[in-house]
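The values are calculated or read from the model by the stated rules, or taken from the named source; none is laboratory data. On a predicted model such as this, the values are computed, not experimentally measured, just so you know. Quick reminder, even Gly has a Cβ in these numbers, built from the backbone with ideal geometry, and neighbours come from all protein chains shown.
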Amino acid sequence: MALTAVKGFNDILSDESLRWQHIEQTARRVFELNGFGEIRVPVMEKTELFCRSIGDATDIVEKEMYTFTDKGGNSVTLRPEGTAGVMRALIEHKLYAQDPVAKLYYMGPMFRYERPQKGRYRQFHQIGAEITGVNDPLADAQVLNMLTSFFREIGLSEPTLQINSLGCPECRPAYRTALRSCLEERIGGLCEDCKRRFATNPLRILDCKVPGCIEKSAGAPSVLEHLCSSCNDHFSSVKRYLDLSATPYSINSRMVRGLDYYTRTTFEMVTGLLGSQSAVAAGGRYDGLISQLGGPSIPGIGFAIGVERIALLLGNQQFTSSPDLFIATMGAGERDIAFSLMDGLLKSGLRVEMDYEGKSLKSQMRRADKLKARYSVVIGENEVATGSATFKRMADGLQSDAALTVAGIHSLIMKLEQ
Ligand code: ATP
Ligand code: MG
């Protein structure tokens, strides 16, 4: 039987990689501008970390985790998301002792056992950012502005920002009770998952995609009407700061996130172009998480961007990576000089390709076209004898002569590119 990749795990081939690099580089640039530094944490953690952070009664922990027992008999899990591991590292290395405000970002693969479909895979990739140590709504606004800048810089204007507040341990229990009493008489019409959620995690019912459940939960009480006064003030300030920075957003009081650790501000960047895979980035505040994991009582807020979904949205945009110059040779005698020129030009920072295998001139020129080289040159006995050659700009056929030296070629290309 032919060996293939595991279902839901994908190879990223070179064309696609260029798109991914564009996404990753844009994120690094925008995040670093905002003062965030990269943290790299393992892809596998003790299972208990995710149970204690994401919550036992969430879809992720109940059915989506890749959990297994290692050879030492320990239960380990491939990370389904990034925040838990980053917070574990923050506590383990006491990062808060060096600086009470930590601004961290990460990127890498996450693993969830879900039904694979467009925009939903079993290994997928997230780019995330977290600020810990700040309660102030300013941090919420900066995180949201940074996420908005990322989308602008990447060239996607369609996803829109939706925000909500999920309250805090002070006010959420009363909301949960109000929601339960509203849904109690409609429970018969809910899907099996929601019947279970009714007991364990009724807020999740608002997030169910099953049409019957959407219908039954329509008109359910709004979490925003049950916020305590300090959560209400916090949310008002977040909105005020977003208005101050002219960041567009809408309020979606039905947005509940799939992880239990969220408090107060939650948000999603939503697209209409990917069917039910509508969230391309999501996050929120998690003021209780660090203490829940055994650390000090430090608040935090962050988000994760789904790289595959961004790549799908960028789908028809071309990201090319083409050589500046293709050096063709008439015969074997010119290959040494072509190789030295290529080597020198590469060291000078130009992207140069040549024929590796002594192919015919015609096939070398076909390759120059295929690689979309911007300039080409043919070196024969004549060029070697005179020490100069004619360079052709491939786009319009413009011809220019230059000395066959690294400096000569470099300055010609720089001049023509101005
Ligand atoms: P969804 O509602 O689509 O399942 P989610 O709420 O489970 O998303 P989060 O846990 O908030 O997603 O993860 C943040 C982002 O990671 C999502 O907005 C999405 O872009 C991406 N993402 C989540 N799960 C997957 C997956 N299985 N495959 C690809 N991308 C994913
Ligand atoms: Mg999910």
Residues of the range 377-418 satisfying the condition of being touching a Gly at 6+ places or on another chain (Cβ under 8 Å), over 18 Å from LEU345 (Cβ atoms) and in a helix (DSSP H, G or I): GLU381
Which numbered condition ALA57 fails, given (1) more than 25 Å from PRO202 (Cα to Cα); (2) at pLDDT below 95; (3) within 16 Å of ligand 2 (Cβ to nearest atom): (1)
Segments classed as helices (runs of 4 or more DSSP H), wholly inside the range 99-208, with at least 3 members that are surrounded by fewer than 18 Cβ atoms within 10 Å (Cβ to Cβ) and without any contact (Cβ under 8 Å) to a residue 60 or more places away in the chain: 172-183, 192-200
Residue satisfying condition, being in a strand (DSSP E or B) and touching a residue at least 60 places away in the same chain (Cβ under 8 Å), within set GLY302, GLY272: GLY302
Conditions (1) among the charged types (D, E, K, R); (2) assigned by TED's automatic domain parsing to the domain that holds CYS51; (3) within 22 Å of LEU289 (Cβ to Cβ): number failed by ARG197: (2)
Subset of the range 265-303 [within 24 Å of SER217 (Cα to Cα), away from ligand 2 (no atom under 16 Å from the Cβ) and touching a Gly at 6+ places or on another chain (Cβ under 7 Å)]: THR265
Matching residues, the range 108-135, being within 14 Å of ligand 2 (Cβ to nearest atom) and of a type in the set (Gly, Ala, Ser): GLY119
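Taking GLY283, is it within 30 Å of LEU224 (Cα to Cα), crowded, with 19+ Cβ neighbours inside 10 Å and within 10 Å of ligand 1 (Cβ to nearest atom)? Before the answer, list the steps.
Numbers: within 30 Å of LEU224 (Cα to Cα): yes; crowded, with 19+ Cβ neighbours inside 10 Å: yes; within 10 Å of ligand 1 (Cβ to nearest atom): yes.
Considered against the rule, which asks whether it is within 30 Å of LEU224 (Cα to Cα), crowded, with 19+ Cβ neighbours inside 10 Å and within 10 Å of ligand 1 (Cβ to nearest atom), GLY283 comes out as yes.
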Matching residues, the range 53-85, being hydroxyl-bearing (Ser, Thr, Tyr) and either under 24 Å from ILE127 (Cα atoms) or outside the structural domain of SER291 (by TED's automatic domain parsing) (or both): SER53, THR58, TYR66, THR67, THR77, THR83
Residues satisfying the stated conditions in the range 45-86, i.e. more than 13 Å from ligand 1 (Cβ to nearest atom), assigned to a helix (DSSP H, G or I) and touching a Ser or Thr at 6+ places or on another chain (Cβ under 7 Å): THR47
